[in-house]
Amino acid sequence: QVQLVESGGGLVQAGGSLRLSCAASGRTFSAYSMGWFRQSPGKEREFVAAITMSGGITDYADPVKGRFSISRDNAKSTVYLQMNSLKPEDTAVYSCATKTGPVARFPLAYDYWGRGTQVTVSS
C-alpha cells in the first residue's frame, strides 16, 4: 500500500520561508514522478510544482516560480518543497502526490495522494 506523509507546514509571516517534506512508502520511489498541489477553502486544487523520477526535470506554476523549489532524495524516498518569500495568498493545505511517467499539472494524472499539511502565511 502506497503511503505519502507530508510534514513541515505551519504559521509563518509574509516574507518568511518553510520547507515541506513528503515521505513515501509502499512503492519504488525512484520510479515515479512527484508533484505538490495546494488547496484553499472555496478553491479548486491547484498545481504547485512537480519533479521527474531522477529529479532532472522540474515544473512550477507561475505564481511560485522563483520563490519555490522542488527537490527529491531518492535514497530517503522523500520529496521536498522549499518555499521562500511566502505571501498570504500562499496559504493553503499542501499535498504531495505520485504518478507514473513524466510530470503533469493535472491532479487526475496522479494516483496516490497524501493528506496534506497546512501552511498559513500571515500579513
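Shown for the chain: the carbon plus sulfur share of the solvent-accessible area, taken with all protein chains present and a 1.4 angstrom probe, equals 49%. Size of the chain from its Cα atoms: along the principal axes, largest to smallest, the extents are 40, 27, 23 Å.
Of all the options P107, P41, P88, the one that moves most in a Gaussian network model of the chain with Cα springs shorter than 10 angstrom is P41. Which of S40, P63, V79 sits closest to the plus end of the dipole of the stretch 31-97, meaning its Cα is farthest towards the positive end, when Lys and Arg get +1 and Asp and Glu get -1 on the C-beta? Most positive-ward Cα: V79.
Coupling constants for the stretch 90-106 follow from the phi torsions by the Karplus curve (6.51 cos²θ - 1.76 cosθ + 1.60, θ = phi - 60°), and in residue order they are 7, 4, 4, 8, 9, 10, 9, 8, 10, 8, 7, x, x, 5, 8, 9, 8 Hz; glycine and proline get x.
If eta is 0.890 mPa s and T is 25 °C, what Stokes-Einstein diffusion coefficient results for the stretch 14-81, Kirkwood Rh from Cα pairs, in µm²/s? Estimated diffusion coefficient is 191 µm²/s. For the stretch 1-98, GluC sites (Glu not before Pro) are listed when DSSP marks them as loop and at most 13 other Cβ atoms sit within 10 Å of their Cβ; the list is E44.
The values are calculated or read from the model by the stated rules, or taken from the named source; none is laboratory data. Predicted model only: the values in this text are computed from it and were never measured. Reconstructed Cβ throughout: ideal geometry from the backbone, glycine too, with neighbour counts over all protein chains shown. Heads up: the accessible areas ignore ligands, DNA and RNA and are worked out on the full protein's heavy atoms, side chains in. Shrake-Rupley method; radii C 1.70, N 1.55, O 1.52, S 1.80 Å.
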